[in-house]
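Asker: Dumping the structure here so I can ask a few things about it.
The values are calculated or read from the model by the stated rules, or taken from the named source; none is laboratory data. Note that the structure is a prediction, hence the values are computed from the model and not measured. Note that we place each Cβ from the backbone using ideal geometry, even for glycine, and neighbour counts take in every protein chain shown.
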């Protein structure tokens, strides 16, 4: 019985991990990352150092006004929806 429970637990964990991996992939209707970078640079960033899909939006890091910033951008328009100093 313990092997059955352990096996079910392993399958459950593997399915969860694959779902999480898929959740962080841009959808086909998202603006491409390169276009998002261009949009971000147009808002005063001098550099974009990181950009990835996360939690249904683009998440990135860059330099704005000489300071390292974190930002979130709308996945379809590339518009920055939040930003803060990077700790």
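Asker: Considering only segment 53-78, state which residues are closer than 12 Å to residue 27 by Cα, out of contact with any helix residue (DSSP H, G or I) (no Cβ under 6 Å at 6 or more places or on another chain) and not in a loop (DSSP other than H, G, I, E, B).
Answerer: 53, 54, 57, listed by residue number.
Asker: Could you give every pair whose Cβ atoms fall below 7 Å, whose first residue belongs to segment 65-87 and is on the phi > 0 side of the Ramachandran plot and modelled with pLDDT of 95 or more, and whose second residue is surrounded by 14 or more Cβ atoms within 10 Å (Cβ to Cβ) and outside any loop (DSSP other than H, G, I, E, B), counting only separations of at least 6 or pairs across chains?
Answerer: Listed by first residue and then by second, the contacts come to 78/36; 78/39.
Asker: Of all residues in segment 30-52, which are part of a loop (DSSP other than H, G, I, E, B) and surrounded by fewer than 17 Cβ atoms within 10 Å (Cβ to Cβ)?
Answerer: Within segment 30-52, 32, 43, 44 qualify.
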